[in-house]
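Taking it in order: structure first as structure tokens, then the write-up.
The values are calculated or read from the model by the stated rules, or taken from the named source; none is laboratory data. All values reported here derive from a predicted model rather than from experimental measurement. Quick reminder, even Gly has a Cβ in these numbers, built from the backbone with ideal geometry, and neighbours come from all protein chains shown. SASA here: full protein model, heavy atoms, side chains in, ligands and nucleic acids out. Shrake-Rupley method; radii C 1.70, N 1.55, O 1.52, S 1.80 Å.
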Amino acid sequence: MIEGFSRHHGGVSTLKVARRIGGRPHEGRLIAGDLVLPCALGRSGITRRKREGDGATPAGSFALLSVYLRRRRAAAPRLVTARFTRPDDLWCDDARSFLYNRPLRGKTPLGHERLWRSDHLYDVVGVLDYNIRPRVLGRGSAIFFHIATETLGPTAGCVALRARDMARLLPRLAKGVRIVVAQGFE
């Protein structure tokens, strides 16, 4: 928790994510209780056989482990563990490294993503427990829950919401919230 934010019981404990019926592979819907929001998925849609670089969002049920926030760009969630992003925060996506799918800081020769981005898509970055424990090299890294482009363009495999929708959703999240990604829901 970030200092200054109180703990509350309750909140949304499950976020359901699926492709939009009749939509393109990256067009999705996120259901959080009575809130239904358009979301962006990986350019290749949803898959059960995720591989590094395939552009697909993995299907499954994933815990939201923590949230990185860009200071003064996003309000902290009340119930989900959060920390502020620093300009040198990175995420290793180098499948040859023992640091694969782990946070890094500073300069590195390893393949990585910067968590401090000028396009502000990572002003809010939720880390999903996909391929974290155990890590399988090449199975996909940096599967995040983050800010989407305003047009909800495809991600590289993440689930993303427009900034205004993320701002509406974050305060509603329960501690231990899960994101369930499926081809569709009844």
Quiz item: Placing +1 at every Lys and Arg Cβ and -1 at every Asp and Glu Cβ, with all other atoms neutral, what dipole size does the stretch 16-174 have around its Cα centre, in debye to the nearest 20?
Solution: 200
Quiz prompt | Loop-exposed chymotrypsin sites (Phe, Trp or Tyr not before Pro) per DSSP, neighbour cap 11 Cβ within 10 angstrom, longest uninterrupted part of the chain | solution = 1-97
Practice problem: Rounded to whole Hz and in sequence order, give me ³J(HN,Hα) for the stretch 176-183 from the Karplus expression 6.51 cos²θ - 1.76 cosθ + 1.60, θ = phi - 60°, writing x for Gly and Pro. | Solution: x, 4, 10, 10, 9, 9, 9, 4
Quiz prompt | Value of [θ]222 nm, deg cm²/dmol, for the chain, DSSP H segments ≥ 4, -39500 (n - 2.57) each, nearest 500 | solution = -1000 deg cm²/dmol
Quiz prompt | Share of Cα-Cα pairs in the chain lying beyond 27 Å, as whole percent | solution = 22
Exercise. Work through the residues other than Arg114 whose Cβ is under 10 Å from its Cβ and net out their charges, Lys, Arg +1 and Asp, Glu -1.
Key: -2
Quiz prompt | Translational D in µm²/s for the stretch 124-186 (Stokes-Einstein at 25 °C, 0.890 mPa s, Kirkwood Rh from C-alpha pairs) | solution = 186
Quiz prompt | trypsin sites (Lys or Arg not before Pro) restricted to DSSP loop in the stretch 29-91 with at most 11 other C-beta within 10 Å | solution = Arg48, Arg49, Arg71, Arg72
Quiz item: Once amide H atoms are built 1.01 Å from N in the peptide plane, which residues 5 or more positions from Tyr122, or in another chain, come under 5 Å H to H?
Solution: Arg117
Quiz item: Which values, in whole Å and largest first, are the semi-axes of the equivalent ellipsoid of the stretch 73-145 obtained as the square root of 5 times each eigenvalue of the Cα gyration tensor?
Solution: 21, 16, 10
Exercise. Identify which of Ile31, Ile46, Ile147 has the largest mean-square fluctuation in a Gaussian network model of the chain, with springs joining Cα atoms closer than 10 Å.
Key: Ile31
Quiz item: For Thr151 and Phe98, what is the calculated FRET efficiency with R₀ set at 30 Å and r taken between the beta-carbons, to the nearest 0.05?
Solution: 0.20
Quiz item: Tell me, what HN-Hα J-couplings in whole Hz come from the Karplus equation 6.51 cos²θ - 1.76 cosθ + 1.60 at θ = phi - 60° for each residue of the stretch 115-127, using x for Gly and Pro?
Solution: 8, 10, 10, 6, 7, 6, 5, 10, 4, 10, 10, x, 8
Quiz item: Picking from Arg133, Arg117, Arg164, which is most flexible by a Gaussian network model of the chain using Cα springs under 10 Å?
Solution: Arg133
Self-check item: Residue-wise HN-Hα coupling along the stretch 137-150, computed from phi with Karplus coefficients 6.51, -1.76, 1.60 (Hz; x: Gly, Pro)
Solution: 4, x, 8, x, 10, 6, 8, 10, 10, 9, 6, 9, 5, 4
Practice problem: Using a 1.4 Å probe and counting only protein heavy atoms, arrange Leu137, Leu170 so the residue with the most accessible area comes first. | Solution: Leu137, Leu170
